[in-house]
Amino acid sequence: MALVTTGLSEFDPMRAVQREITLRGSANVTPADFREAIDLLAQGRVRMQPLITHRLPLSEIEDAFHTQSDAESSVKVMVTQEG
């Protein structure tokens, strides 16, 4: 597996696997915030589709990270399964 470079940082997923590293992301939100967001989506009070500006397959994950880091041209980048 190749080293992933986003221009901001590098990540070697194989090293994480070998060292049994747990990776967690954070965006300054709480589990309650996520529950509220899911509830709003389920109630149809928030339309998610207009927020997704790009859809890229998993094989283009590096491009997805580059795209998401460009705040001028993207809002949300969805990574999709191939097949």
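Values in this text are rule-based calculations from the coordinates and carry no lab data. Just so it is clear, the model here is predicted, and its values are computed rather than measured. FYI the Cβ positions are ideal-geometry reconstructions off the backbone, even for glycines, and counts take in every protein chain you see.
Odds and ends about this structure:
- Using just its DSSP H runs of length 4 or more, each adding -39500 (n - 2.57), the chain gives a mean residue ellipticity at 222 nm of -8500 deg cm²/dmol after division by all residues.
- With contacts taken as Cα pairs under 8 Å and at least 6 residues apart, the range 4-80 reaches a relative contact order of 28 percent.
- Each Lys and Arg adds +1 at its Cβ and each Asp and Glu adds -1 at its Cβ; summed about the Cα centre, the chain shows a dipole of about 320 debye.
- Protection proxy ranking, highest mean first, for peptides 66-76, 35-45: 66-76, 35-45, where packing is the per-residue count of other beta-carbon atoms within 10 Å, averaged.
- The residue list Phe65, Ile21, Leu51 was ranked by how far each Cα lies along the charge dipole of the chain toward its positive end, using unit charges on Cβ atoms, and Leu51 comes out on top.
- If the chain linking Ser26 and Ile38 were pulled fully straight, counting 0.36 nm for each residue of separation and taking away their Cα-Cα distance, it would gain 2.6 nm.
- Stokes-Einstein D in µm²/s, Kirkwood radius over Cα pairs - the chain at 20 °C with 1.002 mPa s viscosity: 141
- Helix 31-42 vs. the chain, principal-axis angle (Cα, 0 to 90°, nearest 10): 60
- Rounded FRET efficiency, nearest 0.05, which uses the C-beta distance separating Met48 from Asp70 and R0 of 25 Å: 0.75
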